[in-house]
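Inspection log for the structure reproduced underneath, given as structure tokens.
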Amino acid sequence: MVKIVIDAGHGFNTPGKRSPDDEREWTFNNKVAQYAIAKLETYKDVEILRVDDPSGKTDVPLNTRTNRANKWKADVYASIHHNALTGKWGKHSGIETYTMDKPKANPKSIEIAGAVHPRIVVAMGVSDRGMKRANFHVLRESAMPAILTEGGFMDSTIDILKLRDNHYLKSQGEAIAEGLAEYFKLEPKTIPEDNQTQTPAEGEENLYKPTSQAIVNSTIAVLQQLENMGEGPISPLWREKLLNGTLTDSDAIGLLYVAIDRGLLKDVT
């Protein structure tokens, strides 16, 4: 049984946590959390604990949240947030995912972030600001691997268009769930027989299967260049999964998006 903690960040009335048009961060966080939980519930052998106030009325103290997660002996802590830079509308944009900074960094946290972060980038369709490290309470005081996602800027004229669209919030929540499911090797619940005729063969629907060694070599070359650019860590899981044949389609799309965003494919026509 995999025990997953979901934390939808700040309360509805937490000062400062809102867009320039007074849209509350909790509203965005809550929707993403609900979609993530709904998706996680489609997998076998999962227990979910939400440690914030689902009504948004109370900004539950951070100590209370991490204490509950630790007492519950969770396997992972996923804290869902949305960013703000100046509190005024601007052109800044992008997705960030945080893990604890050294020396207390849990290597499993970085691996989990590597499974989740590129999926959020693809789901939201905005720029990739990278996987980062910070000394945030929920990352520091959780006894289990922990990640904190920033799914876009509330004060961005670019990102707010996506944050106001439930389609993108659902995609973001499902991206978080799918990244966790991949890391913990969760299996989907049994599909009803009347739906099975529309389902690809097991193991074939998501695997990225390049047709030649040249494509594999090219993908490895892109990974090597990304790893050497110093613009944020690239998950070693991508290289490992590419070589052992378990890289998924969404991984490949995420890798392509990162490569484009960092200028590696700017000359492609």
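The values are calculated or read from the model by the stated rules, or taken from the named source; none is laboratory data. Source: prediction; values computed, not measured. All Cβ positions, glycine included, derive from the backbone under ideal geometry; neighbour counts span all protein chains shown.
Beta carbons closer than 7 Å, at least 6 apart along the sequence or on distinct chains, pair a first residue in region 87-109 that is free of Cβ contacts under 8 Å to residues at least 40 places away in the same chain with a second that is surrounded by 14 or more Cβ atoms within 10 Å (Cβ to Cβ) and outside any strand (DSSP E or B) for Lys104/Arg140; Lys108/Pro145; Ser109/Pro145.
Being basic (Lys, Arg), modelled with pLDDT of 70 or more and part of a loop (DSSP other than H, G, I, E, B) is the requirement here; does Lys185 meet it? When the stated conditions are applied, Lys185 passes them. Of all residue pairs spaced 6 or more apart or on separate chains, those with beta-carbon atoms under 7 Å, a first member in region 43-70 that is touching a residue at least 60 places away in the same chain (Cβ under 8 Å) and a second member that is in a strand (DSSP E or B) and exposed (fewer than 13 other Cβ atoms within 10 Å of the Cβ) are Tyr43/Pro188. Scanning region 135-158 for residues that are within 16 Å of the chain's Cα centre (by Cα) and either over 13 Å from Ser109 (Cα atoms) or surrounded by fewer than 17 Cβ atoms within 10 Å (Cβ to Cβ) (or both) gives Glu150, Gly151, Gly152, Phe153.
Okay, residues lined up against (1) without any contact (Cβ under 8 Å) to a residue 60 or more places away in the chain; (2) assigned by TED's automatic domain parsing to the domain that holds Thr27:
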{"residue": "Pro145", "(1), (2)": "no, yes"}
{"residue": "Thr149", "(1), (2)": "no, yes"}
{"residue": "Gly152", "(1), (2)": "no, yes"}
{"residue": "Thr157", "(1), (2)": "no, yes"}
{"residue": "Leu161", "(1), (2)": "yes, yes"}
{"residue": "His167", "(1), (2)": "yes, yes"}
{"residue": "Gly173", "(1), (2)": "no, yes"}
{"residue": "Gly179", "(1), (2)": "no, yes"}
{"residue": "Pro188", "(1), (2)": "no, no"}
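Does region 21-38 include one or more residues that are closer than 19 Å to Phe184 by Cα and of a type in the set (Lys, Arg)? No: region 21-38 contains no residue that is closer than 19 Å to Phe184 by Cα and of a type in the set (Lys, Arg).
Residues that are more than 24 Å from Arg133 (Cα to Cα) number at least 2 in the following strands (runs of 3 or more DSSP E) confined to region 1-87: 46-50.
Within region 42-62, the set of residues being farther than 20 Å from Ile147 by Cα and modelled with pLDDT of 95 or more comprises Thr42, Tyr43, Lys44, Asp45. Has region 81-96 got any residue that is of a type in the set (Ser, Thr, Tyr) and closer than 14 Å to Leu148 by Cα? The answer is no; no qualifying residue exists.
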